[in-house]
Amino acid sequence: MSVNKEVKRMTTHVIQAMKEQGEKITMLTAYDFSMARILDEAGIDVLLVGDSASNVMAGHETTLPITLDQMIYHASSVVRAVGRALVVVDLPFGSYQGNSRIALESTIRIMKESGAHAVKLEGGAEIQESIKRILSAGVPVMGHLGLTPQSIYKFGTYTVRAREEAEAAKLLEDARLLQELGCFAIVLEKIPAKLAKQVAQSVDIPVIGIGAGPDVDGQVLVSHDLLGITKDFQPRFLRRYLDLFEEIKGAAEQYAKDVRTGSFPNEKEQY
Ligand code: KIV
């Protein structure tokens, strides 16, 4: 029997046991009640209330504008829907970087006001004081290395990270540091598969990849990308399982036609 099928509720300990037993971890983003309910019923292990909500839900070009209040709103909607998944919430840009006290205050607001189970922060050594302080309050922390979208203006592009030796070495060092600090898992975004494999083998905590190849402990995607609701985002790592943009558009067009021709509502669809 697999670890994950035996449990009624996912915890960081179950995620750890899954790594130890070589069982892959599934993670998807969720930002609202209805979608979270579907993904939870589908048995997705971890739901990430990602700051990608800034792009996907609010239409911003980057993840930088989303606020702590907005993240709490999305997170509390997801928590209300979930019976089994572990709910992890991104600390948004500006809520943790420069000052560990502010990082802890932001985290406490997320945990108290949304009921989520853990937080995710982007970065390594630069944010270690914030990570330590959050962990000292008993809140599980997920790290995020590689392409960290909150630093897009430093990178200048969303291209693959850590192709160069120096950046790859720093990433490996940061992954070890995150483990040492006490993070329960690490997301690796858009880095060479070979490096991701090396990271996953070098740390004992679960490593979850997005655009990081198959040799990690689990995979994460933005749900709206996987479902084909977003249209213009076409990175090589993305597998689209549906084309909901066209499906929803088709349904809306049919509805408009039915209303305009008077065929909706019919005799059975009224009181
Ligand atoms: O915000 C997000 O959706 C993320 C994933 C891409 C890992 O951080």
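So how much accessible area does LYS231 have, in Å² to the nearest 10, using a 1.4 Å probe?
100 Å²
Provide the gained length on full extension for the span SER2 to ARG80, in nm with one decimal, where the gain is 0.36 nm per separating residue minus the Cα-Cα distance.
25.4 nm
Lys and Arg at +1, Asp and Glu at -1: add these up for the other residues within a Cβ distance under 14 Å of TYR241 and post the number.
Around TYR241, the surrounding residues sum to -2.
Of the listed peptides 150-161, 6-17, 171-182, what is their order by residue-averaged count of other C-beta atoms within 10 Å, with the highest listed first?
For the peptides 150-161, 6-17, 171-182, the packing ranking is 171-182, 6-17, 150-161.
Evaluate the relative contact order of the chain (contact order divided by residue number), counting alpha-carbon pairs under 8 angstrom at least 6 apart; express in whole percent.
About 15 percent, as a whole number.
Compactness ratio of the range 16-143: Cα Rg over 2.2 N^0.38 Å, N = residue count?
In units of the 2.2 N^0.38 Å rule of thumb, it is 1.02.
Taking the alpha carbon gyration tensor of the range 3-85, what are the square roots of 5 times its eigenvalues, largest first, to the nearest whole Å?
26, 14, 10
What dipole magnitude, in Debye to the nearest 20, does the range 184-225 give about its Cα centre under +1 on Lys/Arg Cβ and -1 on Asp/Glu Cβ?
About 140 debye.
Starting from one equal scatterer on each C-alpha and no solvent at all, send me the Debye-based log10 I(q)/I(0) for the range 16-57 at q = 0.34 Å⁻¹, two decimals.
-1.12
Please give the net charge around LEU28, taking every other residue with its beta carbon less than 11 angstrom from that of LEU28, where Lys and Arg add +1 and Asp and Glu add -1.
Surrounding charge for LEU28 is -3.
What is the distance, in nm, between label points placed 7 Å from the Cα along the Cα-to-Cβ direction at GLN21 and at ALA166?
The two pseudo-label positions are separated by 4.5 nm.
Calculate the spin-label point distance for LYS154 paired with PHE245, positioning each point 7 Å from the Cα along the beta-carbon direction, and give it in nanometres.
3.1 nm
Can you work out the FRET efficiency for the pair ARG37 and SER263, with r the C-beta to C-beta distance and R0 = 30 Å, to the nearest 0.05?
That gives a FRET efficiency of 0.45.
With +1 on each Lys and Arg Cβ and -1 on each Asp and Glu Cβ, and nothing else charged, work out how big the dipole of the range 3-240 is about its Cα centre, in Debye to the nearest 20.
Dipole magnitude for the range 3-240 comes out near 340 debye.
Would you list the P(r) distribution for the range 105-157, with all Cα-Cα distances sorted into 5 Å bins from 0 and each bin expressed as a whole %?
For the range 105-157, the pair-distance distribution reads 4, 18, 28, 21, 16, 10, 4, 0.
Determine the per residue accessible area of the chain with all protein chains present and a 1.4 angstrom probe, expressed in square angstrom.
On a per-residue basis, 51 Å².
Using a probe of 1.4 angstrom, how much of the accessible area of the range 18-140 is carbon and sulfur, in percent?
52 percent
Can you tell me what percent of all Cα-Cα pairs in the range 66-111 are more than 17 Å apart?
Of the Cα pairs, 33 percent sit more than 17 Å apart.
Under Stokes-Einstein, with the Kirkwood radius over Cα pairs standing in for Rh, what whole-number D in µm²/s applies to the chain at 4 °C and 1.567 mPa s?
The calculation lands on 67 µm²/s.
I'd like the distance between the alpha-carbon centres of the range 42-59 and the range 174-251, rounded to an integer number of Å.
Spelled out, the Cα-based centre of one part sits 12 Å from the other.
Going by amide H atoms built from the backbone, whose H comes under 5 Å of the H on VAL187, apart from near neighbours?
GLY143, HIS144, LEU145, ILE208
The values are calculated or read from the model by the stated rules, or taken from the named source; none is laboratory data. Keep in mind that this is a model prediction, so the values were computed, not measured. We place every Cβ from the backbone using ideal geometry, glycine too, and count neighbours over all the protein chains shown. Heavy atoms of the whole protein, side chains included, go into the accessibility calculation; ligands, DNA and RNA do not. Shrake-Rupley method; radii C 1.70, N 1.55, O 1.52, S 1.80 Å.
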